[in-house]
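A short worksheet on the structure shown next.
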Amino acid sequence: MLDETYAKLASSSQVAPIIISIALMLFLGFAMTRVTKRLRLPNVTAYIVTGILIGPYCLNLIPEKIIDGMDFISDIALAFIAFSVGEFFRLSTLKKSGMGVILITLLEACMASVLIFIVCYWVLGVNLPFSIVLAALASATAPASTMMTIRQTHAQGDFVDTLLQVVALDDVVSLVAYSIAISVAISSMGAGGESRNMLLEIGKPLAINLGVLGLGGVFGVLLKLLLGKRSADNRLIVSIALLFAFCGVCAMLDVSPLLGCMSMGMVYINITDDSNLFRQLNYFSPPILLLFFVHSGLGFRLDALVGTSGSIGSVPLIAIGVVYFLVRILGKYLGAYLGCLIAKKPAQVRDYLGLALIPQAGVAIGLAALGARTLGGETGEHLETIILASSVLYELVGPACAKLSLYLSGSYSNKIEDLAPVSETDAENQPRSEAEILIERIQRIQKELPVHSEPEMSEEEEAFTQAALEQSEYYHSMNRRRLLNRR
């Protein structure tokens, strides 16, 4: 029925099926968030589930031909994600954080990757390209769920500070790890296992990635020069144009744009200290990210999980997925524990930091989509299937684990005596009544509550609104000048 409808639309207009498909993806993705919001699940879960439901392996609302033609969405979404990651690579922040946080980040990311590679390659007998790319993806963490939990609980303290710094740097490590892993994977597939060519085959793509990293820095300087004191809408136009141009250059060179876009954002923030551009782009990007996650869900094959993975090994794919899900959690926890131990962090941070690093979504799904396209065939499909399935599970258990870690570390409490500690004796050292103590605690809590005369806006919304007001004022001033010139 739907195929006939799309066929009629295609016969009358080639554009109509594409526009209607995009509209369906946007509207149904939004509608699903109304359901997941009641279940207190993140939006990413809603988008992936929407893609699975409307995809060719379930309701088949979107034609497979249109799905195949939307691969460019992954490149665009990853460009936004990688560029925004560059903002967290401020040199001033790294100096302030010290080597302790960097060490914790490296250990928790690398420990997860190493354990996944050992189990997949040597225990399960999965081939090298698949094992090494899957291991690299294990290093990524989704900060959105953790950040949401921190805001909801109003947690604070050394544990929260360390956690925020680690999740900010984590995506940088995962981007670098993926770039190295995909280079090794392609080289091992092309070299046919000949050791004399292996070093050359691995070194060449690594050198290209270093060149892309440098080119991204050049684009960051160019972005600064082109923006200058331009109006808000022109800043948005120029920055998006440069991101698209950089992705196009990388596509022509057949290399990943991730490191370059990250380098572009890193160079720009360090030479300008302009956070507003990142806020405006973050406010602009939700529809693009929605399409990206729904598109990822469209390619999810549930039947592939229960079948054998002949192209990568003899082990059923569901077994690899279960192992990946459990071993990554173990690696994250052990790596964070060891890093905190070496960095001499207190026991509250050391014992529970790993629990807050379980969620995985945005960057990992993006890298999986890119890896699937690069590796191709069943290998690529299996890689994306495992990451999508595990990401849904991680997003189900991740927020609860993050909240548990914040509670166990003492970063927040539901007890009123912890929220508002007051003296239980008066000035003369005499015990006070329970009513007096309760009244003082309520008064202290009321003083700490923020006063909102208007609905609270996020930083991204505030930056975008400010840009819109500036642009409106600019057009009004131009109209006034034209009227005066006419007189």
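Inter-part distance, region 364-388 to region 22-96, computed on C-alpha centroids, equals 15 Å.
Ranked from largest to smallest solvent-accessible area, with a 1.4 Å probe on the protein heavy atoms, Tyr412, Tyr407, Tyr178 come out as Tyr407, Tyr412, Tyr178. Leaving out ligands, DNA and RNA, and with a 1.4 Å probe, what % of the accessible surface on region 322-366 is carbon or sulfur? The value for region 322-366 is 71 percent carbon and sulfur by accessible area.
The values are calculated or read from the model by the stated rules, or taken from the named source; none is laboratory data. Given the structure is predicted, the values throughout are model-derived calculations rather than measurements. The accessibility values were calculated without ligands, DNA or RNA, using every heavy atom of the protein model including side chains. Shrake-Rupley method; radii C 1.70, N 1.55, O 1.52, S 1.80 Å.
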